[in-house]
Amino acid sequence: GRLSLSLVRDVEDCPCYYVAQIQDITEQHAIDRMKNEFISIVSHELRTPLTAIRGFLGLLDTGIYDNKPDKAKHMITQALTNSDRLVRLVNDILELERQSSGRVQWVMEVCQAATLINQAIAGMQSIADEALINLVVSSATGSVWAAPDAMIQTLTNLLSNAIKFSPPHSIITLSAQPHLNHVLFQVKDQGRGIPDDKLEMIFERFQQVDVSDARQKGGTGLGLAICQSIIHQHGGKIWVESHIGVGSTFYFTIPSSPSSL
Ligand code: ADP
């Protein structure tokens with residue numbers, strides 16, 4: 001730690017007391033390290049699709065594909081795919097920054113769990129239909145003290161993951177049940193599952209179970225970090241239980257009333 005003293009004088013400029021300030025430097029260093037690490041990960045994540053786009057455009061620019069429209073079209077498609085990924089990354093990074101900086105002023109209200117679940121499902125129904133996955137609500141009772149948009153975003157992220165990592169013709173079950181002073185939400189899938197040693201890590205930014213999850217599934221590795229930030233700011237908890245090849249269940253709790261925060 002670092003101790004600093006400042007002398008405080010009264011209106012007649014006579015010394016009257018000292019103010020002692022102790023700053024914990026180790027904590028400050030840890031924050032600086034985390035920031036540096038975050039910046040290096042972000043730069044790496046952004047550079048990958050950007051380098052790919054640059055590469056495809058560079059090839060097109062040489063003119064070697066001028067007489068090969070099929071090849072040229074393929075290069076353009078690749079450049080577009082990578083641009084989309086870049087946009088998703090930038091959006092997710094900004095969203096996470098916004099959430100975790102504490103700058104977001106949540107407008108809290110009493111929300112019916114059933115309404116939140118139904119709205120999240122409505123937004124994801126067409127994607128689920130396309131993947132031939134059935135979305136089922138097993139129970140949805142109780143109400144929470146929360147910002148509805150933040151709740152719908154959390155449920156949407158969890159649903160989106162469940163759909164991404166589940167086979168066709170499988171079922172995703174959503175539920176919300178009141179317990180004492182909170183509501184327990186569950187999003188349960190019959191997907192590929194998550195290895196035990198990754199169950200905590202996946203809530204950290206840019207962490208994915210498989211390196212191919214970014215490329216093949218289009219993920220950024222930021223979805224769960226955003227969910228966790230939202231849930232913690234609402235005074236709740238989020239965790240996952242999973243069995244390889246059987247499926248995963250994501251759980252989160254949200255207080256039912258402001259007094260229980
Ligand atoms: P993204 O989905 O964009 O990659 P997330 O932070 O939402 O990022 O998820 C991080 C990782 O956790 C995923 O890449 C995947 O490896 C794993 N994961 C998340 N949800 C599930 C799920 N329902 N089933 C299996 N794996 C999952």
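Here are a few things to note about the model shown:
- Taking all pairs of distinct alpha-carbon atoms in segment 146-213, Kirkwood radius in angstrom: 13.8 Å
- Given their separation in residues at 0.36 nm each and the Cα-Cα distance between them, Thr62 and Ile76 gain 3.6 nm when the chain is fully extended.
- FRET efficiency estimate (nearest 0.05) - Cβ-Cβ, Glu12 to Thr51, R0 45 angstrom: 0.10
- The local environment of Gly191, defined by Cβ-Cβ distances under 15 Å, has a net charge of +1 under the rule Lys, Arg +1 and Asp, Glu -1.
- The label-point distance for Lys237 and Asp149, in a model that sets each label 7 Å from Cα toward Cβ, rounds to 2.9 nm.
- Helices meeting the span-like rule in the chain (full DSSP H runs, Cα extent of at least 27 Å along the helix axis, mean Kyte-Doolittle score of 0.0 or higher): 25-62.
- Efficiency of FRET between Glu200 and Gln105 - r from beta-carbon atoms, R0 30 angstrom, step 0.05: 0.50
- Relative to the compact-globule estimate of 2.2 N^0.38 Å, the Cα radius of gyration of segment 21-168 comes out at 1.50.
- Cβ crowding within 10 Å averaged over residues, with 165-174, 122-131 ranked highest first: 165-174, 122-131
- Here is how the number arises for the chain: DSSP H runs of 4 or more residues each give -39500 (n - 2.57), the sum is divided by the residue count, and the result at 222 nm is -16000 deg cm²/dmol.
- Theoretical gain in end-to-end length, Ser83 to Ile127 [0.36 nm per residue, Cα-Cα removed]: 13.7 nm
- Ellipsoid fit via the Cα gyration tensor, the chain: semi-axes of 40, 32, 16 Å, each the root of five times an eigenvalue, largest first.
- Taking 0.36 nm per residue of sequence separation and removing the Cα-Cα distance, the His44/Glu97 pair yields an extension gain of 17.4 nm.
- Neighbourhood net charge (14 Å Cβ-Cβ; Lys/Arg +1, Asp/Glu -1) for Gln99: -1
No lab work stands behind these numbers, since they all come straight from the coordinates. Quick caveat, the model's predicted, so the values are computed rather than measured. Cβ atoms come from the backbone with ideal geometry, glycine included; neighbour counts cover every protein chain shown.
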